[in-house]
Structures are given as C-alpha cells and as structure tokens.
1. Using Cα centres only, tell me the gap between the range 164-236 and the range 60-86 in whole Å.
2. Dipole of the chain, Cα-centred, from +1 at each Lys and Arg C-beta and -1 at each Asp and Glu C-beta, to the nearest 20 debye?
3. Could you check how much of the accessible area of the chain is carbon and sulfur, as a whole percent, using a 1.4 Å probe?
4. Where in the chain is the longest stretch that carries no trypsin sites (Lys or Arg not before Pro) classed as loop by DSSP and with at most 11 other Cβ atoms within 10 Å?
5. Taking springs between alpha-carbon atoms closer than 10 angstrom, which of S12, S284, S171 fluctuates most in the Gaussian network model of the chain?
6. If you line up the long axis of helix 305-324 against the longest principal axis of the chain, both from Cα atoms, how many degrees apart are they, to the nearest 10?
7. Taking chymotrypsin sites (Phe, Trp or Tyr not before Pro) as exposed when DSSP calls them loop (any state but H, G, I, E, B) and at most 12 other Cβ atoms lie within 10 Å, what is the longest stretch of the chain free of them, the sites themselves excluded?
8. For the chain, take the longest principal axis of its alpha carbons; what is the angle in degrees between that and the long axis of helix 141-161, to the nearest 10 within 0 to 90?
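The values are calculated or read from the model by the stated rules, or taken from the named source; none is laboratory data. All of these numbers come straight from a predicted model, not from anything done at the bench. Cβ placement follows ideal geometry from the backbone for every residue including glycine, while neighbour counts extend to all protein chains displayed. These area figures cover heavy atoms from the full protein model, side chains too; ligands, DNA and RNA do not enter into them. Shrake-Rupley method; radii C 1.70, N 1.55, O 1.52, S 1.80 Å.
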Amino acid sequence: MATAGETRDGVSLTNLDQPLFDGADATKRDLVDYLDAVHPMMLPALRGRPLSVVRMLRDQPPFMQKNLPKYTPDWVESVALWAETSHREVNYALCDDRRTLLWFANQRAIEYHPTLVLAGDFTHPTHLVLDLDPPDVHEHAADGFAAAAQAALLVRQVLTEAGLDGAVKTSGAKGAHVFVPLDGKLGTDDVAAATRAIAARAERLDPALATTAFIKADRGERVFLDSTRAGGGTVVSVYSPRLRPGVPVSYPVGWADLASVTPADFTIRTVPDLLGGVDRWAGSMPAPQALPEDLIAEGHTIPIARVQAMHEGKRRAKARREQSD
C-alpha cells in the first residue's frame, strides 16, 4: 500500500489519506491504488485520444478540465486543438502510459472522458456510440439502469437487423453506453447520421420505453437515446471511476447479463478483483465494421438533435411571448 509520501513511476504522490469527496467512502489513496491496478486494461481506451477529466479538489466543487494546467510536467504528452465553443486553442492531455495516469490520479482526477477520435485523425471516429440515459424519476440508480438495460437491448436488436454488432458497458452512473467499433473509413457526419438512424429505429421498436427527444421535458419517463456523442464528443472511459457515492466504475457487461447487474456492483473496490488482470472490454468488443449505406442515408434525413432542440426552444419561447402579449 502507498505511504503518504510515496513515489511511483517517478510521480510523487501527496495527501493520500485525505477523503476523496463527500459520500465516496474512499481516500485519495484508494483512487491511486485503483487506477494503478487497472492501468493495463484502462490505458488502451485512453491512448492517443484527447482527454478531459473531472477533478475534485478539497473544499471545492468538481470541475471538468480540458486544458492542461501550466504546471503540467513536460513528459505528459498533449495535443493542441481548436475549440469552436470557446474560440481558443485547447491543450488536451494524451494519457498514454501509467506515469501520466498516476499523475492525473495525484491531481485528484476522478473521471476520464476521452474523445471518440484519435489525435492523429480527428475526422474519422473509431466508434459509433449511443448513450442511454434513464429519466430522473428513478430514485435509485439500479432502477434507472434497469430501464437503460432494456433500451440497450432495443439498440442491439437494431444493430443485429442492420448486420452490426456492438459491446455495452455501464456508464458508472445510472445509464449505459453501446459501442460499435468502426473500420475508420467514414467521416464524422456520416457516423453521426448512422447514430441518429439507429436511435430512431430503436425508438420505433418501443416508443413507450425509449425516446430520441432532446428536450428533457418531452421525454417523460422514457430512456433518452442520445445520438449526439460523435466525432470530437467524449464518453466516459471504460473502467473510469465516477464522482458518485461509493465511487462506481464504468464497466463492461455481457449482453446476457444486463438484466442481472446494477451500477453498484462495479466500484473502485470491486473492479480489480472482477477483472483479474483481463481486459473484459477488449474481450467483448467485436471487430471493426463498415456501416450500411441505408443506415447512413436514413440518418441524413433526421435533423441533428441539438439543432432541432434549439429551433424548437426558440419557437416555444416565441409562442409564450405571444400568449402573454
């Protein structure tokens, strides 16, 4: 076990006995030990991908860090990318090795959110991803996840009918992520279109369970099939801890096991033993695939959710103003 002033792989570890955050029931030492234990399995999902992290400093609210701080060691690999939203260049980390992961752990980086593209090829996503987000009506994460698991099976049915295959993992919160590995030949727009088409087809299978409605108020008690995680978008990494009570972990689940697990089964305390040194995410991932042309074509007829929601929001605001006049 680590001591308060230990050095690992050249990284000085500090304040290891401090509580991680309220409700974590864990210390910074537990976070460091967990990430060190799973680094052989976690690094393949991070390597070469611009990384954002969620940090939790003592007595401060959590925050998402994209731009590396000025005090970052010069051995941390990085890539500079232009961010349209903030109109500036952002220097993203590339977490390619154990040393960098340990440095992040010492910075109290709890969550790890890599992009779906590689830094060396920012125009061709390596995976198609659907983020299945259950409604807030469920008091317990287990209940929300049960609904997300049902929605994941709808997505799998659509994939099977389209001649595709994917892998599924818990989000580490109450949702689920379905990943479809791609052959790298399609650009972001076509992959995003295919993602929209898969979501729309899954919604049609069971509109009482699942919805593609981007506006939260329109979802009711249905699972949101979020098709917007494409290209430069990020998804929490497999094996990443989450900033939730008990520090759950995003963990791969077999399709046949979806109905029998809960997010609380997978935490920084349980996952190292469950893995046993085996990368179960890599083991569940099918070979890279080409997306069917009809799926892409259908998706291009479906409006981009965020854009559609923005226009709808403006329309509703205008209608409210007209009613009040």
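1. 27 Å
2. 740 debye
3. Working: 7730 of 14970 Å².
Answer for the chain is 52 percent, counting heavy atoms of protein chains only.
4. By the stated rule (loop sites, at most 11 other Cβ atoms within 10 Å), 186-325.
5. S12
6. 60 degrees
7. 76-325
8. Between the helix axis and the principal axis of the chain, the angle is about 60 degrees.
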